[in-house]
Amino acid sequence: MSEAGRTKSEERWAIARDAIGGGRLSVIMPVYNLADTIEANIAQTAGLFESHNLSAELVPVDDGSTDGTAEALARAAAAKYEHVTVKPVVCAKNGGKGAALRAGFDASTGEYVMLLDGDLDINPKQTPFFFEAMTAKGADIVIGSKRHPKSVVQYPWHRRFVSWVYFTLVRMFVGLPITDTQTGMKLFRREVLGESLGRMLVKTYAFDLELLAIAHQRGAKIAEAPVVIRFGNKFGALKANTVKTMAIDSLAVFYRLRVLRYYAKAEVPPKLDHDPLVSVVIACPRRSWMLDECLAALGNQSYRNFEVIVLPDGTDGGSGTPEPLPKDVKLSVLPTGKVRPAEKRNIGIKAAKGEIVAFIDDDAYPDAHWLEYAVRYFGDETIGAVGGPGVTPPGDSFLARMGGRVYDNLLVSGNYRYRYKAGGVRRDVDDYPSCNLFVRKSLLDSFGGYRTDFWPGEDTLLCKDIVDAGKRIVYDPWVVVCHHRRPLFGAHLRQLGRYAFHRGYFVKRFPSNSLRLSYFIPTLFVAYLFVWAILIAIPQPDIMSVELFCIWQGVVSVPMLTYILLALLTTFSLNPAVWIVTLCGVLATHVTYGIRFLGGLLAKKAPCEFIGKDHA
């Protein structure tokens, strides 16, 4: 480099130092399975900042690596620098780029935050160009752009083509005034990044697009800086599933941005002034492999201020302290006798010492960030409870996964599909199941917890009490648990039938959160099937021609044919077994729900006797 070049470079580094002032730059580096290189990459980045006297903290975030990356980060953190500190964050499970960057942001302290891929495909020597652009253009965000005239990019032709197509679509539908979204080096003013992260829903491939779309809609000014990228031979063919996922996520961003206007309305709860204790209450009949699975997942939580209260029927059956729970988590096992889940949970509420009580079923296990993402809402005093989706675990049996697929079907769950799949938007709800529900302890104490005169359905009444107390119930798609399903067909239909009966009964007893047209549709469908079967069976009248009789029967059959077509489309799978079983499951679910809902609607009282089979 010439003397003039060195002088210009130092001027840029001086701009960066002046911008930071007495603070520091936080560099968040998402990392996944980089055990062989991450220690050297951190040392290289730290050495660069050290050589230019730039005050910085490096926050590498291990997103559930399986190759020893966590140990490499620990070694990197032990190195001593004058101007740089290394603060690793280790996530127990892989949660996607969005979850990793949010964890890194929460651990960071700098007034400026840089996102930098941990593999250093983008050279951090470009850092001063970012500060120069931010200062010169008064920007809140500076992104690295492969299309910047001063960028140096070694990029395969097919990647260039895909990148151009994606950029064109983004510019057309989202309207971002930039030439790149996916380059993994970005500089933010802290408050801008915090406001955007708090409204985000995407965790994976379209994370960058959503982040920038939110910031731009909220008035942030975005500038671009050059980058130096040498991919070498690391990029192979694009996987079809990756392209599909990114396309779906990107379309979802467009829908939320332009159609729902969701990001403009989404709330960010105020930051908590302390970490409240959470009491996790688990009602169960006995110890089981599913309970141990649940406790093991609780042991991996990123939020650590919690206790666990397990409520088995009795002391026999191995209900002692389960081995999977770490020693740093307080566990209480309180035998209750053979009582209903509502009574068990009330015992747990009385024993709970936390400000927040988290209910989860013993046949469910939480995401590693389950507690963290739910607790943040309780800084808002108007929020009384928080719930999240219960997705079907990938390891479930075939028929159990098909049961989950039935619940996730548009014709079955309609507007309530958000209960069974991750994704979607945050929303206020007035009814949510106890398999994944957080409630303020003071609120539970004020109305005595769960009602015990109904089972199932007690969670519907709990939610009614929460809303009647003037508090909101918030659904967040990131507050995820995996909930084992009842396998098709027997266990699935028995459980569904109980829920349908009580929903029908609650329509007339507790209409405020049960009187919904959607709950009546299966019963109307069953009534149609009954009438249709009679009309089809009627022989041709002598006064009607064959042609007219065929037309009449065709008209009568239009709803049935429409239903079959929609069922075929919504259950479609390239796997014939999956398609057929799900299709049959949807039909059986509609008929069972319709009949049992009508039974509840006509019943004078709802039975709530203890049912040992298909517990919970």
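Where only DSSP H runs of four or more residues are counted, the chain gives -14000 deg cm²/dmol as its mean residue ellipticity at 222 nm, each run worth -39500 (n - 2.57).
Distances between placed amide hydrogens fall under 5 Å for F306 paired with V278, all partners being 5 or more residues away or on another chain. Highest mean packing first, where packing is the average number of other Cβ atoms within 10 Å per residue, the peptides 583-595, 543-555, 65-77 line up as 583-595, 65-77, 543-555. Neighbours of A103 by Cβ distance under 9 Å: Lys/Arg scored +1, Asp/Glu scored -1, total -2. Each Lys or Arg adds one and each Asp or Glu takes one away; over the other residues whose Cβ falls under 14 Å from the Cβ of A46, this sums to +1.
The phi torsions of segment 85-94, fed into the Karplus equation with coefficients 6.51, -1.76 and 1.60 and a -60° offset, translate into couplings of 10, 10, 10, x, 10, 10, 8, 5, 9, 5 Hz, rounded to whole numbers, with Gly and Pro shown as x. In the set [x] 22; [y] 10; [z] 30, the label that goes with percent of Cα pairs over 49 Å apart computed for this structure is [x].
In order along segment 525-541, phi translates into HN-Hα couplings of 5, 5, 4, 4, 4, 5, 5, 4, 4, 5, 5, 5, 7, 5, x, 5, x Hz, rounded to whole numbers, per the Karplus curve 6.51 cos²θ - 1.76 cosθ + 1.60 with θ = phi - 60° and x for Gly and Pro.
Listed by Cβ neighbour count within 10 Å, with the fewest neighbours leading, C482, C294 appear as C482, C294. State, as an integer percentage, the relative contact order of the chain based on alpha-carbon contacts under 8 Å between residues 6 or more apart. After rounding, I find 10 percent.
With a Förster radius of 60 Å applied to the C-beta separation of T168 and V339, the computed FRET efficiency comes to 0.45.
Ordering P539, A351, V165 by the projection of their Cα atoms onto the charge dipole of the chain, which places +1 on the Cβ of Lys and Arg and -1 on the Cβ of Asp and Glu, puts P539 at the extreme positive end.
Neighbours of P477 by Cβ distance under 10 Å: Lys/Arg scored +1, Asp/Glu scored -1, total +3.
Only Lys, Arg, Asp and Glu carry charge here, each on its Cβ (+1 for the first two, -1 for the last two); on that basis segment 3-265 has a dipole of about 1060 debye about its Cα centre. Around the Cα centre of the chain, unit charges on the Cβ atoms of Lys, Arg, Asp and Glu (plus for the first two, minus for the last two) sum to a dipole of about 1140 debye. In a simple Cβ point-charge model (Lys, Arg +1; Asp, Glu -1; nothing else charged), segment 285-487 has a dipole of about 180 debye relative to its Cα centre. Between segment 375-396 and segment 52-80, the alpha-carbon centres lie 30 Å apart. Straight-line reach only, C-alpha to C-alpha below 19 angstrom: list the aspartates and glutamates that K80 could link to, leaving out same-chain residues fewer than 8 apart. Partners found: E39, E50, E57, E71.
Segment 399-468 and segment 132-152 have Cα centres spaced 46 Å apart. Scanning residues 5 or more positions from T85 or on other chains, those with amide H under 5 Å from its amide H are A56, E57, L58, with H placed 1.01 Å from N in the peptide plane.
For segment 424-430, putting each phi into the Karplus relation 6.51 cos²θ - 1.76 cosθ + 1.60 with θ = phi - 60° gives couplings of x, 10, 5, 7, 8, 10, 10 Hz, in residue order, rounded to whole numbers and with x for Gly and Pro.
The three principal axes of the C-alpha atoms in segment 444-584 carry coordinate ranges of 71, 39, 26 Å, sorted with the longest axis first.
Laboratory data are not the source of any read-out in this text; all were calculated from the coordinates shown. Here the structure is a predicted model, which is why all the values come from computation and not from measurement. Don't worry about glycine lacking a Cβ; one is built from the backbone with ideal geometry, like all the others, and counts go over all protein chains shown.
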